[in-house]
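K.L.:
Handing you this structure, nothing more for now.
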Amino acid sequence: MIDDLLPPLLPLPQPQPFAGLPEPAATFDVYVKERKRRFSLSVIHAPAGTVRFTVHVPKSAKHLHGIGIDGGVYDAIEGEPVKPDHTTSLMLDLAPGRYVLFDSYRDNRRKGFRSKVIVTPSQ
């Protein structure tokens with residue numbers, strides 16, 4: 001029989017996720033709402049690492065709104081502005097330090113759409 005002539009089949013090694021690579025760090029999510037010409041959080045505390053800021057623009061808003069951050073190695077990094085009743089996000093790798101999260105649309109930052117962000121070393 002032909003099966004007797006073939007070498008036995010050996011099982012293939014199973015792939016290991018992230019074999020030899022460090023596991024990706026968890027993402028720290030921050031949700032902020034825009035309310036009456038301000039962000040809902042005046043101070044945000046986050047651990048160092050990957051942080052995703054998400055801002056929800058209320059349905060009652062009259063204009064577009066955006067999201068941006070200043071501080072550390074970031075100089076006025078801006079996300080996409082969105083219409084009322086939508087969300088916009090910005091994901092960054094943040095080192096310990098102080099930052100400013102702001103509404104990047106037109107002059108909304110100057111009008112008070114901003115929050116202090118304090119990033120502490122990861123545990």
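Quick grid of which residues meet (1) polar (S, T, N, Q); (2) modelled with pLDDT of 90 or more; (3) closer than 19 Å to S42 by Cα:
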| position | (1), (2), (3) |
| --- | --- |
| V55 | no, no, yes |
| H63 | no, no, no |
| I67 | no, yes, yes |
| D70 | no, yes, yes |
| G79 | no, no, no |
| T88 | yes, no, yes |
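K.L.:
For the stretch 102-109, does any single residue satisfy the condition of being in contact (Cβ under 8 Å) with a residue 24 or more places away in the chain, farther than 16 Å from F28 by Cβ, outside any loop (DSSP other than H, G, I, E, B) and charged (D, E, K, R)?
P.N.:
Of the stretch 102-109, the ones in contact (Cβ under 8 Å) with a residue 24 or more places away in the chain are 102-106, 108-109.
So of that shortlist, the ones also farther than 16 Å from F28 by Cβ come out as 102-106, 108-109.
Filter once more, so that each one left must be outside any loop (DSSP other than H, G, I, E, B): 102.
Now drop any that are not charged (D, E, K, R), which leaves none.
Checked against the condition, which is being in contact (Cβ under 8 Å) with a residue 24 or more places away in the chain, farther than 16 Å from F28 by Cβ, outside any loop (DSSP other than H, G, I, E, B) and charged (D, E, K, R), the stretch 102-109 yields no hits at all.
K.L.:
Let me ask you something else. Would you check if L94 is surrounded by 17 or more Cβ atoms within 10 Å (Cβ to Cβ), among the aliphatic types (A, V, I, L, M), over 19 Å from S40 (Cβ atoms) and within 14 Å of the chain's Cα centre (by Cα)? Walk me through how you get there before you give the answer.
P.N.:
On the way: surrounded by 17 or more Cβ atoms within 10 Å (Cβ to Cβ): yes; among the aliphatic types (A, V, I, L, M): yes; over 19 Å from S40 (Cβ atoms): yes; within 14 Å of the chain's Cα centre (by Cα): yes.
Taking the combined requirement at face value, the residue satisfies it.
K.L.:
Ok, one more. Pairs only if they're at least six apart or on different chains, beta carbon under 9 angstrom, first in the stretch 81-100 and touching a residue at least 60 places away in the same chain (Cβ under 8 Å), second exposed (fewer than 15 other Cβ atoms within 10 Å of the Cβ); list them, first residue then second.
P.N.:
Cβ pairs passing all conditions: M91/T27; M91/R52.
K.L.:
Restricting attention to the stretch 70-101, report how many residues are farther than 15 Å from Y31 by Cβ, assigned to a strand (DSSP E or B) and of a type in the set (V, I, T).
P.N.:
So the count comes out to 2.
K.L.:
For the stretch 59-79, what are the residues that are over 13 Å from the mean Cα position of the chain (by Cα) and surrounded by 13 or more Cβ atoms within 10 Å (Cβ to Cβ)?
P.N.:
Start the filter on the stretch 59-79 by keeping residues that are over 13 Å from the mean Cα position of the chain (by Cα), which leaves 59-66, 70-76.
Answer for the stretch 59-79, where residues must be over 13 Å from the mean Cα position of the chain (by Cα) and surrounded by 13 or more Cβ atoms within 10 Å (Cβ to Cβ): A61, L64, H65, G66, D70, G71, G72, Y74.
K.L.:
Select from the stretch 58-84 the residues that are among the aliphatic types (A, V, I, L, M) and touching a Lys or Arg at 6+ places or on another chain (Cβ under 7 Å) and list them in ascending order.
P.N.:
The answer is L64, and nothing else.
The values are calculated or read from the model by the stated rules, or taken from the named source; none is laboratory data. Predicted model only: the values in this text are computed from it and were never measured. As a convention, Cβ positions derive from the backbone with ideal geometry for all residues, glycine included, and neighbour counts pool all protein chains shown.
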